[in-house]
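Below: the structure, in structure tokens.
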Amino acid sequence: MTGPIYFGLFSVAMATLMYEILLTRIFSVTMWYHFAFMAISIAMFGMTVGAIIVYLFPKFFREEKVLKHLALSSLAFAVSIILSFVFHLLVPFIPAGATWEHGLMCVSSTFVVISIPFIFSGIAVCLALTKFTQKVAKLYAFDLCGAAAGCILLGALLNYVDGPSAVFFIAGFAAVGAFLFTLGKSEFVKRFGALSLASLVCAVGLIAFATTNSVMASQQKPLLRLKWVHGYIEPTPLFEKWNSFSRVKVSGDPNELHRPYAWGLTSKWPEDKKVSELELMIDAGANTWLTKFDGDESKVQHLKRDLTNIVHYIRPNSRMLIVGVGGGRDVLSALIFKQKWIEGVEINNNIIYSVNNAFGDYTGHLDSYPNVKFACDEARSYIARSKDKFDIIQISLIDTFAATAAGAFVLTEHSLYTVEAWRSFLNHLEPDGVLTISRWYFRNRPVEMYRLVGLATAALKDQGIEDARKNIVIVAAMKGAQGGRGMDGIGTLMISKKPFTEADLEKISKFAEENDFEIVLSPTKSIDDNFSKIAEAKDLTPLLASFPVNISPPNDDSPYFFHMLRFKDMFNAALWTNGVMSHNPMAVSVLGWLTITVIFLTSLCIVVPLLLRMKSAPLKGSTPLLMYFGMIGLGFMFVEISQMQRLIVFLGHPVYGLSVVLFTLLLASGLGSFTTNNLSKTEKMSSFNSPVARFGALLIVPVIFGSITPMLISNFSGADTPARIAIAVALLFPLGLYMGMAFPIGMLMAGGAQRELTPWLWGINGATSVCASVLAVAIALNFGITVTFWCGAACYLLAFLFLMWDYTDKAKAGSAETPVV
């Protein structure tokens, strides 16, 4: 074997993971966000099908033709990426107004077509790992390291190019892999020179087109762009820019005047008082507004009649921190109210660029004011590291309608809505400071607001405040029957570190009366007994258990504020509109159906090959190996996904889910695989060079990791970013190192008489990984991240027991490669 084959596998693995993650970005724009995480399952299942194809047709995939098939399948991977992507651009996911049957057909066809490239990728990877069993440890190392490189490269790539251009770059990398495979042997190059040339031309052509399109996209004139978005043809925007966790676009007519787009605006606002605004959309489901400001405050007086700004009336002349700057509306409001210091934190650099650069002349260059500071950071970690205290911390309508790339692995959530986060926010307020949160409000059953009150009560109790009701006020602006997305208006919750004074309550009451707002909860009033019960409860547990949905205060181990359906109600559509945004319950329902689907498909991946090759394959004694590969597939994904969920909160930015967590695990796993190159199954069990002893060490690492991780995360949550990254890497590297040993150990044990089974074993590993990618999210939603991690550790323990079973069976068989017990 020569170097080009190793690097061909590296390139294909890199392209595979890049496309897999990029699809979560594409899907988050073209589909509803809760379908985005399905891209991972589609990709992994496609690769599993590819492995099973290799197993079912051994006469076609003969060893003497392995280099040809590696090159052909890699080239087909590259070409099918483009063809399937173009199909996705032309065919809407679910067209607006489609019937149930038409919608199902569109969904099914989309997922089937998108999976095709991964089938070819699966064939290539399976051939490389199963036809060169003597080099499997080194090959698997290159496979994992290629995937790790893809994590970093995609994040960097999307900072400079748009999504469609990135697709063509990735297809080009896959074609490079095909070309490298043709260089495996000199006689192969001579015999199949046309294939080598075709691969090279394809790679150069795809990368050239990608470069051209990305340059034109930077000038807002791309040759190729997304067409169908949420079932509608999307008009060409004024501005569009991608990064590794979002697509930002600005649209509208800067010369058009209209009634202000503000959910909290008083209903008494005169119809003839109009403003100029542009819509800034994140992906295709979360929007904010750019307000035209030329320095004349009289043109933006509507901001003084907006519910979300009520806090300015009770805390004037304040130092304030705004979480989620968005289109700059909250910053502009604070300027209008003459607040003395305004600090805005926005996680998305493209949003800040849009507000202050691309449309800076339109918005009035808010960053040029001497009392305004913009920071591009994740708010929670920014606040935890800050030495300052504020009079106001404002969080207005921070939603998760847009899935991050990492979020697609973990069912995107905001870590802003947890008890630990609010504890940090309150600790960074002055003694009479106020935390103000605005959320959608539902008239009949405002469960989001119930949950916020429960969260506020729990956070205040952590501060030693037993009578939380004196410190909580809720005011609502109702929109009657005209609310979109099922909401009736918005509610603003204010939490004060000290009880609200009579003067505070009087100002709040006056503002509400003047603007036709409704005081929902105050120390002296409640229009809903549930609010007062939650705020006054000594023990929230029995009260919260009586609700039809889960409104208990989220914590960092289960940070799913927006997902309130309990496991038993996953398919109860009646609860979707029961005072909850229908998108989020639907996401949980999709997860439930996906769980059932992947369990069924995983079973097929095991049973169908078994039935088709029962007579010809060496199946005797294979049960422990089948179970072993299934368990390590489950275990790896449970651990990987749980740690992405946990450490994204700790690291403070979704990008780090790829650039730190996934990269470290994959790179360390690749190095771990490489260290198994000298293992021998004829060694004594007690020898460290025996598969059993080496795998046994793996069982210790998760126990240590699971025991110390919560303590380290708690103690270093306020450390600077480099320190937190160093801690995360130090935690993950030993874990990844040992997890990477499991697969080559299994392949070593399957060598010899059972070598023919290795493609199927690789397929089983892939099928259970698909299953785990969905089960991990389902377990975390219902039982927490910690439970998900320990499920992974338990899978590795079971895998060790199956390895012991196989080891002892082979010892009893007395073959030439008999293990020494």
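Yes or no, residue by residue, for (1) at pLDDT below 90; (2) open to solvent by less than 10 Å² (accessible area, probe 1.4 Å):
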| residue | (1), (2) |
| --- | --- |
| 392 | no, yes |
| 396 | no, no |
| 410 | yes, no |
| 414 | yes, no |
| 420 | no, no |
| 425 | no, yes |
| 430 | no, no |
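For region 502-596, the helices (runs of 4 or more DSSP H) that sit wholly inside it and include 3 or more residues that are modelled with pLDDT under 80 are 540-545. Residues of region 728-744 that are farther than 17 Å from residue 674 by Cα and open to solvent by 30 Å² or more (accessible area, probe 1.4 Å): 729, 730. Which ones in region 245-271 are open to solvent by less than 20 Å² (accessible area, probe 1.4 Å), under 25 Å from residue 213 (Cβ atoms) and polar (S, T, N, Q)? Correct list: 246 only. Quick one: would you say residue 230 is touching a strand residue (DSSP E or B) at 6+ places or on another chain (Cβ under 8 Å) and open to solvent by less than 60 Å² (accessible area, probe 1.4 Å)? No, not satisfied. I need every pair where a residue in region 54-83 that is touching a residue at least 24 places away in the same chain (Cβ under 8 Å) has its Cβ under 8 Å from the Cβ of a residue that is among the basic types (Lys, Arg), sequence separation at least 6 or different chains. These pairs meet every condition: 55/613; 56/613; 61/131; 63/131; 66/131; 67/185. Inside region 257-287, residues that are touching a helix residue (DSSP H, G or I) at 6+ places or on another chain (Cβ under 7 Å), in a strand (DSSP E or B) and without any contact (Cβ under 8 Å) to a residue 60 or more places away in the chain make up a count of 1.
All of (1) buried (at least 18 other Cβ atoms within 10 Å of the Cβ); (2) over 29 Å from the mean Cα position of the chain (by Cα) hold for residue 667 with one exception: (2). Do we have residue 274 as more than 25 Å from residue 491 (Cβ to Cβ) and open to solvent by 10 Å² or more (accessible area, probe 1.4 Å) here? Yes: the conditions hold for residue 274. Mind checking whether some residue in region 235-244 is touching a Ser or Thr at 6+ places or on another chain (Cβ under 6 Å), in contact (Cβ under 8 Å) with a residue 12 or more places away in the chain, open to solvent by 20 Å² or more (accessible area, probe 1.4 Å) and among the charged types (D, E, K, R)? No, region 235-244 has no match at all. Among the conditions (1) out of contact with any Pro (no Cβ under 9 Å at 6 or more places or on another chain); (2) surrounded by fewer than 19 Cβ atoms within 10 Å (Cβ to Cβ), residue 41 misses just one, which is (2). Checking every residue in region 644-656 against the condition of being small (Gly, Ala, Ser) and touching a Leu at 6+ places or on another chain (Cβ under 7 Å) gives zero matches.
For region 245-256, the criterion of being within 30 Å of residue 652 (Cα to Cα) and in a loop (DSSP other than H, G, I, E, B) is met by at least one residue.
Could you tell me whether residue 561 is within 30 Å of residue 647 (Cβ to Cβ) and buried (at least 19 other Cβ atoms within 10 Å of the Cβ)? In short, yes.
The values are calculated or read from the model by the stated rules, or taken from the named source; none is laboratory data. Note that the structure is predicted; figures quoted are calculated from it, not measured. Here the Cβ is made from the backbone with ideal geometry for all residues, glycine too, and neighbour counts use every protein chain on show. These accessible areas exclude ligands, DNA and RNA; they are computed on the full protein's heavy atoms, side chains included. Shrake-Rupley method; radii C 1.70, N 1.55, O 1.52, S 1.80 Å.
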